[in-house]
Amino acid sequence: MTGSMDEAAISIMQRALCECYGVDFFAAPQYLKVGVSRNVRDRLLPINGLRHLPEGDTTGWYIWAGEELSDDPDFFVPLHVEHLIDWCPDAIRFLGLPPGWRFLVADNHEDVWEDRSLLEV
């Protein structure tokens, strides 16, 4: 996947994933932001994502690569969703999952699950 995929195709892909997991689609508009770690550009695995409730100009998504989630305040940088396809194309199809959900993508493995504790932050 590259930056050439259009919004309609992305929406269809995201809606299909939500349907697969039996959850309502919750849009992550391209003009809003995600928190993303710089290391996702290195294609390091696994790719992890979690979604809090959206706030302000954010989608609520935080996406990072690797085994460790750092508590460094500069670990996540804001990035518009429209640029995420260039940074971390593997994450795009999960962005329609609602707040309170997580995903993990590794070699030949994918996991998606609900984590209600994300709604309590």
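Overview of results
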| item | result |
| --- | --- |
| Contact order normalised by residue count of the chain, Cα under 8 Å, 6+ apart, percent | 33 percent |
| Packing rank of 44-56, 28-40, 99-111, where each peptide gets the mean count of other beta carbons within 10 Å, highest leading | 28-40, 44-56, 99-111 |
| Distance cut-off 17 Å, percentage of C-alpha pairs in the stretch 47-121 lying past it | 44 percent |
| DSSP-assigned coil residues among chymotrypsin sites (Phe, Trp or Tyr not before Pro) in the stretch 32-77, each with at most 16 further Cβ atoms within 10 Å | F75 |
| At R0 = 35 Å, FRET efficiency that the Cβ-Cβ distance of H80 and R116 yields, to 0.05 | 0.80 |
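Taken together, the values in this text are just the output of simple stated rules run on the coordinates, not laboratory data. Fair warning: this is a prediction, and the values are worked out from it, not measured in the lab. Note that each Cβ is placed from the backbone with ideal geometry, even for glycine, and that neighbours are counted across all protein chains shown.
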